[in-house]
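The values are calculated or read from the model by the stated rules, or taken from the named source; none is laboratory data. Because the structure is predicted, anything quoted here is derived from the model rather than measured. No Cβ is skipped: glycine too gets one built from the backbone with ideal geometry, and neighbour counts run over all protein chains shown.
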Amino acid sequence: APEILDSDTSTVEATTEDDVILDMSLATGLGHLAGLKKLRFLCIANIQGHKIGYQELEWMRGNWAALRDLRGVRNQKIVEWVYDHWPE
């Protein structure tokens, strides 16, 4: 499972939901990032209003198998899901 840390190392700044460029949902184009097969680190700490849910996590697990470090997730249920369902 990816290591999940609640730290901010990103340089992207989004101050309101209107500022969000990519909300990280499948409905708004996350699937276009499927080619990032070697992605190992993802920080969403400064993506305020992101829409990562269980469907997006399933997609990430299937498309980004190399992902080992996911930072900025503050929803405890999402964190628990990752630890329970993500392959080692």
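I need every pair where a residue in region 30-59 that is basic (Lys, Arg) has its Cβ under 6 Å from the Cβ of a residue that is in a loop (DSSP other than H, G, I, E, B) and at pLDDT below 90, sequence separation at least 6 or different chains.
If the second residue must be in a loop (DSSP other than H, G, I, E, B) and at pLDDT below 90, the pairs left are Arg40/Arg68; Lys51/Asp23.
Filter region 54-88 for residues that are under 19 Å from Asp23 (Cβ atoms), modelled with pLDDT under 90 and in a loop (DSSP other than H, G, I, E, B) and give the result.
Gly72, Val73, Arg74, Asn75
Is there a residue in region 25-34 that is closer than 24 Å to Asp84 by Cβ and at pLDDT below 85?
Taking every residue of region 25-34 in turn, none turns out to be closer than 24 Å to Asp84 by Cβ and at pLDDT below 85.
Being surrounded by fewer than 17 Cβ atoms within 10 Å (Cβ to Cβ) and among the charged types (D, E, K, R) is the filter here; which residues of region 62-81 pass it?
Arg68, Asp69, Arg74, Lys77, Glu80
Being crowded, with 16+ Cβ neighbours inside 10 Å and modelled with pLDDT under 90 is true for just one of Ile21, Ile47. Which residue is that?
When all the criteria are applied, what remains is Ile47.
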